[in-house]
Amino acid sequence: MKLIDDTVNPKEAKAKGKVPPFISLTCFSRNKAEIPRVVKMGSIMRVHRGDTKKFNKSYQLNCDVGIKAAWLLFDPSDSVRPMSHTGRTYTFVEEDKKKLRELRKFSEKFFKDNDATEFASIGSNVDEIDLVATVLSRKSCKKNYDRLLVFDGEEFIKLAIDKDRYTHISPLDIVRIRGIMQKKNEFLVNDYTNIMKIDKDQAAAKELKRKVEKAKKDKKLSEQLDLYIPTVDKVKTVSVTIGSKAKAITLKELFELDPSKLKSQKFKVTVNVVEVGPRNPSDWIVTLDSKARKQ
């Protein structure tokens with residue numbers, strides 16, 4: 001993994017010259033469950049009892065869970081409770097909480113002002129491709145795989161992804177896809193490919209949005225994108241009336257009603273439309289839980 005903080009990052013490296021743009025972290029464990037699984041760009045990590053090593057004239061941090069090291073992984077913006085960690089218990093004192101708050105403050109500004117995907121490219125490995133893309137749909141295609149359709153601002157790309165490994169990916173997410181291979185017209189996911197979600201306020205997401213808006217000027221691309229990406233120019237207040245004698249109620253009251261006791265009663269509700277989903281309801285429903293899918 002590539003790690004940054006307020007002292008080591010590409011911006012500091014450019015300004016001061018001798019500072020590296022990032023620190024590399026390598027985690028070791030015989031148990032796959034003890035390897036951190038980062039699903040969001042900007043996630044915060046605490047490494048405990050790590051070792052510094054020199055590799056190819058550069059220092060890196062090693063976290064050998066099998067010997068003595070440990071780690072905690074936190075959401076980029078929410079909660080002091082880690083999303084995952086090694087071991088049964090962990091210590092997280094007030095000083096750690098303070099550092100977490102400071103890192104989140106730095107992270108929010110850094111990722112809003114800088115397209116971090118530019119600093120974390122494959123580099124010289126020309127056989128592999130990195131993408132920043134919008135997830136348009138996710139559908140089951142094989143027993144253990146889902147078919148992902150994404151758009152990177154220029155073309156539509158289909159990927160077969162492992163169901164269990166990428167459970168965090170849903171339609172309309174903006175993602176960074178790292179290390180896929182292209183053979184003829186097919187894109188292949190490797191064992192070490194990773195897909196991280198990008199917050200919509202981050203610079204990388206805003207750059208993708210600019211590319212998508214530009215692509216919409218192409219009639220053919222626009223027609224395809226309209227099938228998946230909701231379009232709402234502004235929040236509108238609308239009134240939906242069922243029947244001529246409908247009782248006016250709120251959304252909360254509507255969802256608290258017991259359908260078995262309603263008989264033929266009809267209601268009127270006034271709501272604010274904040275988002276319009278894809279034309280194909282199944283593209284939206286697959287992101288919900290099993291009970292909602294049945295309904």
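The values are calculated or read from the model by the stated rules, or taken from the named source; none is laboratory data. Since the model is a prediction, treat every value here as computed from it, not as a measurement. FYI the Cβ positions are ideal-geometry reconstructions off the backbone, even for glycines, and counts take in every protein chain you see. In case anyone asks, the SASA skips ligands and DNA or RNA and just uses the protein heavy atoms, side chains included. Shrake-Rupley method; radii C 1.70, N 1.55, O 1.52, S 1.80 Å.
Judged by the ratio a/c of the largest to the smallest principal axis of the C-alpha gyration tensor, segment 166-222 counts as oblate, that ratio being 1.5 or greater while a/b is no larger than b/c.
Considering only alpha-carbon pairs that sit under 8 angstrom and 6 or more positions apart, the relative contact order computed for segment 1-92 is 23 percent.
Taken per residue, the accessible surface of segment 1-98 reaches 69 Å², heavy atoms only and a 1.4 Å probe. Computed from backbone phi, the HN-Hα couplings of segment 217-227 come to 6, 7, 4, 5, 5, 4, 4, 6, 5, 4, 6 Hz, rounded to whole numbers (Karplus: 6.51 cos²θ - 1.76 cosθ + 1.60, θ = phi - 60°; Gly and Pro given as x).
Share of carbon and sulfur in the accessible area of segment 154-202 stands at 43%, probe radius 1.4 Å. Cα centroid separation, segment 26-66 to segment 153-192: 24 Å. Using a cut-off of 15 Å between beta-carbons, work out the net charge of the residues near Tyr90 (Lys and Arg +1, Asp and Glu -1, Tyr90 not included). So the environment of Tyr90 carries a net charge of +3. Per-residue accessible area (protein heavy atoms, 1.4 Å probe) orders Tyr166, Tyr228, Tyr192, Tyr90 as Tyr192, Tyr90, Tyr228, Tyr166, starting from the largest. Report, in listed order, any pair from Lys18/Lys211; Lys143/Lys211; Lys109/Lys142; Lys99/Lys197; Lys11/Lys197 with a Cα-Cα distance greater than 30 Å. Flagged as over cut-off: Lys18/Lys211; Lys143/Lys211; Lys109/Lys142. How large is the accessible surface of Glu154 in square angstrom, using a 1.4 angstrom probe and rounding to the nearest 10? The value for Glu154 is about 140 Å².
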